[in-house]
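Here the structure is laid out as structure tokens; the discussion comes afterwards.
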Amino acid sequence: MLKRELVVLFLVGCFIISSIPTASCRTPAPMIYVSGDGSGDFNCDGKDDHIQINQALKFVAENSAYTTVHLKGPFTYVIDAPLLIGSNTILEGDSDAVIKLVDHAGWDTMIPLIKQMSSSGITNVTIRGFEVDVNHDGNAELAKGKGYYNIIYFLYSSDVTVHDMYMHDGHGDGLRMRNSNNIKFYNNTVYKLGHDGMFAIECSNVEAWNNTITCRTNSALRVWNSNNVKFHDNFIDSFYHWSAGGPGIQVERSKGDMNNIEIYDNVITNTYGPGIWLIGTAGAYDKSLSNVYIHNNIFYGSGTNPSIEWVGGILGSGFHNVLIENNVFDGVHNAAVVNMYSTDTNTGPSGTGFTTTVRNNIIVNTVQRTKNAAGTGYGVINRLPSSHTIVMENNCLYDNTAGNYKNVKSTTDIYVDPLFADQSSHDYHLKSVAGRWNGNTWVTDSKSSLCIDAGSASSAYSNELEDNGNRINIGAYGNTKYASKSGTIKQEGSSIAVEEVYDNRLREASPDVVYQSSPFIDVGGMNSVRYRDIMWFDLSEYTDSTEVSNATLSLYWYYPAKSSRPEDTVIEVYRPASAWNSNYVSWNKKDKDVSWKNPGGDWYDKNGVSQGNTPYATITIKGSTLPDNRYYKLDVTELVKEYTSGKYENTGFLIKARAESNNYIAFYSSDCGIGSKGPKLSIIKKASSVTVPVVTVNATVTDIMDNRLREASPDVVYQSSPFIDVGGMNSVRYRDIMWFDLNEHPGSTEVSNAVLSLYWYYPAESSRPEDTVIEVYRPASAWNSNYVSWNKKDKDVSWKNPGGDWYDKNGVSQGNTPYATITIKGSTLPDNRYYKLDVTELVKEYTSGKYENTGFLIKARTESNNYIAFYSSDCGIESKEPKLQLVYS
């Protein structure tokens, strides 16, 4: 009897325990964690992981105190059914958390990997931070572009945000929205999906920005019968293959209101179809129902598809009120702007009066398309003259293969070389003797482009800095703060290319062979063989280092074509230890019967150390980087100044890779026979005199506050720590916030250079598993050093985003385009020196009064397994404290 009672009590106890709500064991609100290592609230094992993730999402949907499901990495969550998300939910993850579709999933069409819980729609949903591998090759039995395995598909929904995702290798769309509104898609990397990167159908208030998208089967960004759309600051290209996609951006109308479509500040290159396709199929309709504004974009090489006719820069039909303004088109196929339907002979939609205005654009080097090439290669073509009109206003057209116009006329365009800063590197700023932006600072040229101040008199120009000539520039930077300046006064010297050059390859496997006339030069290692180069430019016209303000060595990529390398190539420049003879120099010898002391060349480094390892100049080319038909640039100013001052004999440059294994690359040599691709030494020579004497002052700002922000101690104030730190370690992130007193330096024109220097503190004499890419951003508001922490910016005042609120260089809140960045390799050991970041642009924004001086927010791009620390202002060692060094006049 007693045993029976004990059994009954045991069973009742088990029932009570099993009835306790699971929430009592969960992580405190608002986060729910999913993991693959047993540390989560819900735990997966790499098989049917949708079950546990959906349990987590269901828990958040049913418990209002919870908002977020976080996928912990590193782990790959394999799913065999859709993830179901409800309203007011954040689905986020670590960057190394991966959602992967199972092999041979066999789902029906239009079933996405992530879908809404309610068929009537959801609202206030964010998806961010993790990777989605749609496993195309594991599901190759199904066709692309047929609606299979879209990543995210929501209907009748609102306030949907998708950002900082990596989505790749799919059959369908990345984000697909229908009958929805308030959609944001930004900071995503999208690679080789099977349809569109983002596709909005009958939606409103759609914005996509700061995305990097490589198309495979269709377009990067697409809207259909939608209004209030902004696509801006995206980089779009295409996977070159017979199965590759169509346009970079597609805007499609078959009914309804398509007003306020704005496409701007994008770079669109090498798309298989047109860069942008405007396709209206509705025929005649009220002109008030559509308007499209396309401005300040750069198109180069678009329209490569050899099997279709509908290629070009911007291809359109069936749209009213289209304005194409202040773009650059370089080397596009068929035409920069073309009115046509899917083929040359297709009459297009019914209706008439469709007008496109093309204003203030630069159109150069248009080439013929591959299919039915005859009659193509013009700057602008109208294939639909009976129903469509193209109005040309103040454009520049130059060197287009077939001519400038077909079925188009203009009385205001100009036909001159626009004088781009560096067309081969796709730098489309206009040369100017008064000032041109080079990406970092203002420089001057020996001549000015005729496109400056040549735009339409009706166009706004107020965003151009003075002297702006009171008229807009033609080209992509017109009416922006980066527009080249007007005027004829040279405040500084112009860039001059040194023409006389000798270069030789040094090849370890052929140590006595003289490679004097090879079409290429090469560095790195391949098949256990090392390669180096030696190069000399004639600097005899420069007799004083004060003449030289800048010197840049530019090398144009030659090999390998369209393939990556196993390892990164860190290119370095040293000073050859003695003169050498181009007729005899080899791996073993520097002259006839005269050997190097060290096979492979004798050199001095920047510190004067024989065979040292501190180069005068360096650049890292990632092993994953593919050739992109451009110059790679090395700043050799210091070495050139040492030559021109007479400090050392001009012995040229010895060029090698830091490591010399599995990282071989080659560049065009001076004997390549292609003048636009040979090595260049560009020297900016200071003006011999100036009208007004200018005193340049170097100053170090010493009034500083700095605080650590530590995620694992989110409310602790680290005001007096001897170090500051960034990156991640043991799943904890570290950031810093710093402020220097700039009150003595008002006026951005005074500051020509600003460098933030941080002295290495930790780890000592050890490497890290991952590289640390340090980035500097602008704190979004003032903060109090006595109270600032991971969670708070002042006493009882929280950050909107734990870890700090910031703006990036483009003014994007929590954006990812830093003002300054530097990469410290995981293999790099502390070397008791400062690491420097160029913060000139941000300091100028503060000293000009454009923004309140809120200091610097310093973080790592990724924040895992890459922790490093620097000495702080409280370290007690003045020679190692953070420094802000200014050059101003």
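Tabulated results
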quantity: Within-13-Å neighbourhood charge of Tyr515 [Cβ basis; K, R +1; D, E -1]; calculated: -2
quantity: Shape category assigned to the range 259-416 from the gyration tensor of Cα positions, a/c cut at 1.5; calculated: rounded
quantity: Within-14-Å neighbourhood charge of Thr281 [Cβ basis; K, R +1; D, E -1]; calculated: +1
quantity: Share, in percent, of DSSP beta bridges within the chain that are antiparallel, nearest 5; calculated: 45 percent
quantity: 13 Å Cα-Cα reach of Lys255 towards aspartates and glutamates, excluding residues that sit fewer than 8 places from it in its own chain; calculated: Glu202, Asp286
quantity: Per residue value of the accessible surface for the range 831-889 (all protein chains in place, 1.4 Å probe), Å²; calculated: 41 Å²
quantity: Contour minus Cα-Cα distance for Lys795 and Asn743 (0.36 nm per residue); calculated: 16.2 nm
quantity: Extension reserve of the Ser119-Asn581 stretch, reckoned as 0.36 nm per residue once the Cα distance is removed; calculated: 158.6 nm
quantity: Other-chain or far-sequence residues with amide H under 5 Å of Trp799's (modelled H); calculated: Lys792, Lys793
quantity: Ellipticity estimate at 222 nm from DSSP helix runs (n ≥ 4, -39,500 (n - 2.57)) divided over the chain, nearest 500; calculated: -1500 deg cm²/dmol
quantity: Förster-model FRET efficiency, 22 Å R0, Ala29 and Met110, C-beta, rounded to 0.05; calculated: 0.05
quantity: For the range 786-889: relative contact order, % (alpha-carbon pairs under 8 angstrom, 6 or more apart); calculated: 12 percent
quantity: Förster radius 45 Å - calculated FRET efficiency between Asp48 and Tyr293 (Cβ-Cβ, nearest 0.05); calculated: 0.40
quantity: Per DSSP, loop trypsin sites (Lys or Arg not before Pro) in the range 803-873 with at most 12 further Cβ within 10 Å; calculated: Arg833, Lys850
quantity: Accessible surface of the chain [probe 1.4 Å, protein heavy atoms]: carbon and sulfur percent; calculated: 48 percent
quantity: Listed residue pairs exceeding 22 Å between alpha carbons, taken from Lys589/Lys647; Lys590/Lys825; Lys431/Lys680; calculated: Lys589/Lys647; Lys590/Lys825
quantity: For Gly318, residues with placed amide H under 5 Å, excluding near neighbours; calculated: Gly280
quantity: Dipole in debye (nearest 20) - the chain, about Cα centre, beta carbon charges: Lys, Arg +1; Asp, Glu -1; calculated: 1060 debye
quantity: Set of aspartates and glutamates with alpha-carbon distance to Lys622 below 13 Å, sequence-local pairs under 8 removed; calculated: Glu567, Asp568, Asp771
quantity: Entries in Lys47/Lys793; Lys562/Lys883; Lys287/Lys406; Lys72/Lys883; Lys47/Lys146 that, when Cα-Cα distance is taken, lie over 31 Å; calculated: Lys47/Lys793; Lys562/Lys883; Lys72/Lys883
quantity: Burial ranking of peptide ranges 299-305, 718-724, 94-100 (average Cβ count within 10 Å, highest at the top); calculated: 299-305, 94-100, 718-724
quantity: Environment charge of Gln116, counting only residues whose C-beta is closer than 14 Å and scoring Lys/Arg +1, Asp/Glu -1; calculated: +3
quantity: FRET efficiency for Leu450 and Ala561, using Cβ-Cβ distance with R0 set to 45 Å, rounded to 0.05; calculated: 0.80
quantity: List Tyr559, Tyr632, Tyr604, ordered by accessible area with a 1.4 Å probe, largest first; calculated: Tyr559, Tyr604, Tyr632
quantity: Normalised alpha carbon radius of gyration of the chain [divisor 2.2 N^0.38 Å]; calculated: 1.03
quantity: Rel. contact order, % - alpha carbon contacts under 8 angstrom, at least six apart, the chain; calculated: 6 percent
quantity: Longest segment of the chain lacking GluC sites (Glu not before Pro) that sit in a DSSP loop with at most 14 other Cβ atoms within 10 Å; calculated: 142-465
quantity: Packing rank of 79-90, 273-284, where each peptide gets the mean count of other beta carbons within 10 Å, highest leading; calculated: 273-284, 79-90
quantity: Sparsely packed trypsin sites (Lys or Arg not before Pro) within the range 34-72, loop by DSSP, other Cβ within 10 Å at most 13; calculated: Lys47
quantity: Gyration tensor verdict on the range 433-485 (Cα atoms; rounded if a/c is under 1.5, prolate if a/b is larger than b/c, oblate otherwise); calculated: prolate
quantity: Trypsin sites (Lys or Arg not before Pro) within the range 379-423, DSSP loop, no more than 14 other Cβ atoms inside 10 Å; calculated: Lys409
quantity: Proximal aspartates and glutamates to Lys371, defined as alpha-carbon separation beneath 19 angstrom and excluding residues fewer than eight positions away on the same chain; calculated: Glu309, Asp344
quantity: Average Cα contact separation per residue, the range 34-161, under 8 Å, 6 or more apart, as relative contact order %; calculated: 23 percent
quantity: Compactness index (Cα Rg / 2.2 N^0.38 Å), the range 326-454; calculated: 1.17
quantity: 3J(HN,Hα) from dihedral phi, the range 389-399, Karplus parametrisation 6.51/-1.76/1.60, rounded to Hz, x for glycine, proline; calculated: 10, 10, 9, 9, 9, 6, 9, 10, 10, 7, 6
quantity: Sorted peptide list for 522-534, 578-590, 215-227, criterion being average Cβ within 10 angstrom, highest first; calculated: 215-227, 522-534, 578-590
quantity: Long-range amide H partners of Phe723 with built H, under 5 Å; calculated: Ser872
quantity: J(HN,Hα) series, the range 293-301, from Karplus relation 6.51 cos²θ - 1.76 cosθ + 1.60, nearest Hz, glycine and proline x; calculated: 10, 10, 8, 6, 9, 10, 10, 9, x
quantity: Theoretical gain in end-to-end length, Asn832 to Asp593 [0.36 nm per residue, Cα-Cα removed]; calculated: 81.9 nm
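The values are calculated or read from the model by the stated rules, or taken from the named source; none is laboratory data. Because the structure is predicted, anything quoted here is derived from the model rather than measured. All Cβ positions, even for glycine, are placed from backbone atoms using ideal geometry, and neighbour counts span all protein chains on display. Areas reflect the complete protein model, heavy atoms only, side chains present, ligands, DNA and RNA absent. Shrake-Rupley method; radii C 1.70, N 1.55, O 1.52, S 1.80 Å.
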